[in-house]
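A short worksheet on the structure shown next.
The values are calculated or read from the model by the stated rules, or taken from the named source; none is laboratory data. Just so we're clear, the structure is a prediction, and the values are computed from it rather than from any experiment. Note that each Cβ is placed from the backbone with ideal geometry, even for glycine, and that neighbours are counted across all protein chains shown. The protein model used for the area step is the full one, side chains on, heavy atoms only, and it has no ligands, DNA or RNA in it. Shrake-Rupley method; radii C 1.70, N 1.55, O 1.52, S 1.80 Å.
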Amino acid sequence: MSGAYATFGLAPATRAGGVLADGRYQVHRDFVDFVVDGRPLLFQLSDLDAVSPLASDVPPAIFTEQVRALLLEAEPPLPAGRFVLYGCPECEDLACGAVTAVIERDGEDYVWRDFAWQTDEHADLERNGYPGMGPFRFRGPDYRAALTALRDGSAAPRRRVLLIGARVAVLARLAAALRTIGIGADITQDARGVTAEELRGYGAVAFGRAVGPAERAAVLRAFEQAGADVTAVDGLAPIVPLLVAQIEHALGRGPLPRRPLTALAATGTTADVEVGAACRVRITAYRLDRLHRTRTEEVFDGALEPGRHRVPLDPRAVRGEAYVVARTAGDVRAAPVVGGQRRRARPTATGRERG
């Protein structure tokens with residue numbers, strides 16, 4: 001077994017929820033990720049859509065038990081001393097698949113070894129192991145200090161967003177979509193009537209396009225006076241999946257440099273996307289047609305290596321007022337399409353054009 005040490009740490013992370021192009025919902029999950037040698041371990045697992053057992057929405061007693069297990073103060077949940085490091089973000093069923101590893105003590109050190117993808121009680125390292133992954137040897141004091149601090153603290157609270165805008169029907173649909181994926185959402189027209197304690201429970205405040213600068217400033221001032229650290233989201237358009245993506249990005253818990261998606265911009269012909277780790281990226285285009293109906297088209301779905309990439313866009317999918325949403329398993333970004341092809345106005349019966 002290797003005697004070289006790896007560094008161990010913990011960092012907040014998010015499995016981005018959202019309304020997908022086919023109408024399905026993806027649940028939002030906040031969790032704590034493992035950081036090995038300065039890099040989130042999940043990034044090293046080939047774009048895996050999974051969360052660690054240290055999720056913010058599990059009951060405190062179960063969260064504490066998960067930490068105790070990682071400290072080897074509790075029995076391993078699987079045979080052969082194996083522990084679940086990442087599991088299905090939608091449920092806790094091992095049949096969906098999980099990343100497991102043997103965790104053991106070697107003197108004062110903790111060792112993680114024999115990583116595998118597991119769908120039943122017994123791991124097949126020959127068929128489903130992760131070659132080249134580990135073993136990782138962690139210094140005992142550093143390992144225990146990180147996990148003990150997490151146990152003695154508390155899991156991050158479930159995130160909530162305050163919605164403010166003029167179009168009540170849009171806000172109601174948006175709130176319903178957010179609640180479906182596990183994000184609390186409330187609607188108000190005047191945050192000044194909300195108590196300071198309640199304001200501190202929000203992670204973001206989202207403004208509709210009809211909210212003016214003075215009203216927006218007053219709302220943010222109310223949060224500031226309440227001592228609330230909140231992220232402001234300026235809604236791009238009354239398109240529910242687009243607004244969900246914006247709010248998801250605002251509520252993301254991981255530091256920006258550690259998120260898979262680091263940049264997104266779009267023109268009428270291309271989407272420029274930058275990724276910080278190899279991952280699968282899906283890009284969806286949304287546009288408002290002449291009758292202000294939402295049109296949706298998935299324009300890209302594929303694996304990208306770290307770096308900048310230029311993805312061609314079908315001009316028909318982004319003509320007029322259009323936006324793109326890029327999504328990975330753990331991050332999401334939204335951007336307007338700049339300089340897209342504008343619709344040509346139809347002539348009226350008198351030969352004049354309608355603007």
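Taken together, the residues in the stretch 11-22 that are modelled with pLDDT of 80 or more and open to solvent by 20 Å² or more (accessible area, probe 1.4 Å) amount to 1. A single member of D229, D234 is more than 16 Å from G165 (Cα to Cα) and open to solvent by 10 Å² or more (accessible area, probe 1.4 Å), and it is D229.
Modelled with pLDDT under 90, buried (at least 16 other Cβ atoms within 10 Å of the Cβ), within 27 Å of P12 (Cα to Cα) and out of contact with any His (no Cβ under 7 Å at 6 or more places or on another chain): does that describe R159? Considered against the rule, which asks whether it is modelled with pLDDT under 90, buried (at least 16 other Cβ atoms within 10 Å of the Cβ), within 27 Å of P12 (Cα to Cα) and out of contact with any His (no Cβ under 7 Å at 6 or more places or on another chain), R159 comes out as yes. No other residue among D47, D37 is among the acidic types (D, E), at positive phi and at pLDDT below 80 apart from D47. Does A285 count as under 19 Å from I239 (Cβ atoms), in a strand (DSSP E or B) and in contact with an Asp or Glu (Cβ under 6 Å, 6 or more places away or on another chain)? So A285 passes the test.
Residue by residue through the stretch 167-176, note down the ones that are surrounded by 14 or more Cβ atoms within 10 Å (Cβ to Cβ) and modelled with pLDDT under 90. Across the stretch 167-176, the qualifying residue is only R167. Yes or no: the stretch 277-299 includes at least one residue that is over 24 Å from V240 (Cβ atoms) and at pLDDT 90 or above. No - not one qualifying residue is present in the stretch 277-299.
Considering only residues in the stretch 23-37 that are open to solvent by 50 Å² or more (accessible area, probe 1.4 Å) and in contact (Cβ under 8 Å) with a residue 24 or more places away in the chain, the one that is farthest from I103 (Cα to Cα) turns out to be Y25. Would you mind stating whether G3 is modelled with pLDDT of 90 or more, farther than 23 Å from A278 by Cα and open to solvent by 20 Å² or more (accessible area, probe 1.4 Å)? Answer is no for this residue. Number of residues in the stretch 288-318 that are part of a loop (DSSP other than H, G, I, E, B) and either open to solvent by 80 Å² or more (accessible area, probe 1.4 Å) or in the same structural domain as G87 (by the TED database) (or both): the value is 5. Here L48 fulfils each of the conditions (1) free of Cβ contacts under 8 Å to residues at least 60 places away in the same chain; (2) assigned to a loop (DSSP other than H, G, I, E, B); (3) surrounded by fewer than 21 Cβ atoms within 10 Å (Cβ to Cβ) apart from (1). Criterion applied to V67, V58 was being more than 30 Å from A303 (Cβ to Cβ), open to solvent by less than 60 Å² (accessible area, probe 1.4 Å) and in a loop (DSSP other than H, G, I, E, B), and the one residue passing it is V58. Just one of the numbered conditions (1) modelled with pLDDT of 90 or more; (2) within 30 Å of C88 (Cβ to Cβ) is not true of V337: (2).
Within the stretch 65-108, the set of residues being farther than 30 Å from Q26 by Cα and either among the basic types (K, R) or in contact (Cβ under 8 Å) with a residue 60 or more places away in the chain (or both) comprises L71, R105, D106. Within the stretch 212-222, is even one residue of a type in the set (G, A, S) and either crowded, with 19+ Cβ neighbours inside 10 Å or within 16 Å of V161 (Cα to Cα) (or both)? Yes - at least one qualifying residue is present in the stretch 212-222. Residues that are among the small types (G, A, S): which strands (runs of 3 or more DSSP E) entirely in the stretch 94-212 hold 2 or more of them? Here the list reads 98-106, 184-187, 204-207. Taking the criterion of being charged (D, E, K, R) and over 13 Å from the mean Cα position of the chain (by Cα), the residues of the stretch 21-46 that qualify are D22, R24, D37, R39. Annotation: of all residues in the stretch 237-248 being modelled with pLDDT of 90 or more and in a helix (DSSP H, G or I), the one that is surrounded by the fewest Cβ atoms within 10 Å (Cβ to Cβ) is V240.
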